[in-house]
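Novice: Please read through the structure below; I'll follow up with questions.
Please treat every number below as a calculation from the coordinates, not as lab data. Quick caveat: nothing in here was measured; it's all calculated off a predicted structure. Please note: Cβ atoms are built from the backbone with ideal geometry, for glycine as well, and neighbour counts cover all protein chains shown.
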């Protein structure tokens, strides 16, 4: 026996609404983005938002996942595709300069910008864990190069990974402050001069 679906079918494009929510959180941060801001940007009412995405925290968690795939995956690709940690991290920093200043979306990194003034513990913790996971992936790639002799044995992979993470976080803020792609590429080149010889 067929069961009838209850309620009206969704009358909006969920993926498009999620993208608009991503851009809104990216531009304004987690705390200062209200449900009214989100419904206005997404073109839906609050009941539809709650029915499709849950509350603001649940929507933001989905936004972060979507952002990581759509906008943030270039970093993992650089580390995987380049033959050495140095080449991978140099490419990552160069591509970061382009991504953080791309005029088709807000400047900087959502996972860095949205954390500013964040007082919601679950959100703040989730964003910190993602940033720390990125630094851990840099360290892992550096350790692999140490094991093959590509890096000198006295290299401090944890410190070097944190250095790269700090450069990326600084690039995000500088992009928000108006730095150009060329400005950030120059910063990336300068950062790579700190590479162990």
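Novice: Run the quick spin-label model on residue 128 and residue 95: label points 7 Å from Cα toward the beta carbon, then report their separation in nm to one decimal.
Specialist: Each label point is offset 7 Å from its Cα along the Cβ direction, giving 2.8 nm.
Novice: May I pose another question? What do you get for the angle between helix 14-28 and the principal long axis of the chain? Use alpha-carbon atoms, 0 to 90 degrees, nearest ten.
Specialist: In the chain, helix 14-28 runs at an angle near 60 degrees to the longest axis.
Novice: I need to check one value: relative contact order of the chain, counting alpha carbon pairs closer than 8 Å and at least 6 residues apart, in percent.
Specialist: Dividing the mean separation by the residue count of the chain yields 23 percent.
Novice: Which FRET efficiency value, to the nearest 0.05, do you get for residue 80 and residue 197 by plugging their Cβ-Cβ distance into 1/(1 + (r/R0)^6) with R0 = 30 Å?
Specialist: Efficiency, rounded to the nearest 0.05: 0.75.
Novice: Rounded, prolate or oblate: which fits the chain when a ≥ b ≥ c are the square roots of the eigenvalues of the alpha-carbon gyration tensor, with rounded for a/c under 1.5 and prolate only if a/b beats b/c?
Specialist: The shape class here is prolate.
Novice: Extent of the stretch 14-55 along each principal axis, from alpha carbon coordinates, in Å, largest to smallest?
Specialist: Principal axes ranked by extent give 23, 17, 15 Å for the Cα atoms.
Novice: What is the Cα centroid distance between the stretch 20-71 and the stretch 140-197, reported in whole angstrom?
Specialist: Here the two parts' Cα centres lie 31 Å apart.
Novice: Continuing with the same structure: Counting pairs of alpha carbon atoms under 8 Å apart in space and at least six apart in sequence, what relative contact order in percent does the stretch 1-117 give?
Specialist: Computed value for the stretch 1-117: 32 percent relative contact order.
Novice: OK, next. Need the full-extension length gain, residue 32 to residue 116, defined as separation in residues times 0.36 nm minus the C-alpha distance. One decimal, nm.
Specialist: Gain on stretching residue 32 to residue 116: 29.3 nm.
Novice: Once both axes come from the Cα atoms, what is the angle between helix 56-70 and the longest principal axis of the chain, in degrees from 0 to 90, rounded to 10?
Specialist: Computed tilt is about 50 degrees.
Novice: For the chain, find the longest principal axis of its Cα atoms and tell me its angle to the long axis of helix 181-192, 0 to 90°, nearest 10.
Specialist: With rounding to tens, the tilt is 40 degrees.
Novice: Would you mind calculating the gained length between residue 12 and residue 169 on full extension (0.36 nm times residue separation, minus the Cα-Cα distance), in nm to one decimal?
Specialist: 53.0 nm is the gain from fully extending residue 12 to residue 169.
Novice: At 0.36 nm per residue, and after removing the present C-alpha to C-alpha distance, how many nm does the segment from residue 156 to residue 144 gain when stretched out fully?
Specialist: Taking 0.36 nm per residue and subtracting the Cα distance, the gain is 3.1 nm.
Novice: How high is the relative contact order of the stretch 14-55, in percent, with contacts defined as C-alpha pairs under 8 Å that are six or more residues apart?
Specialist: 41 percent
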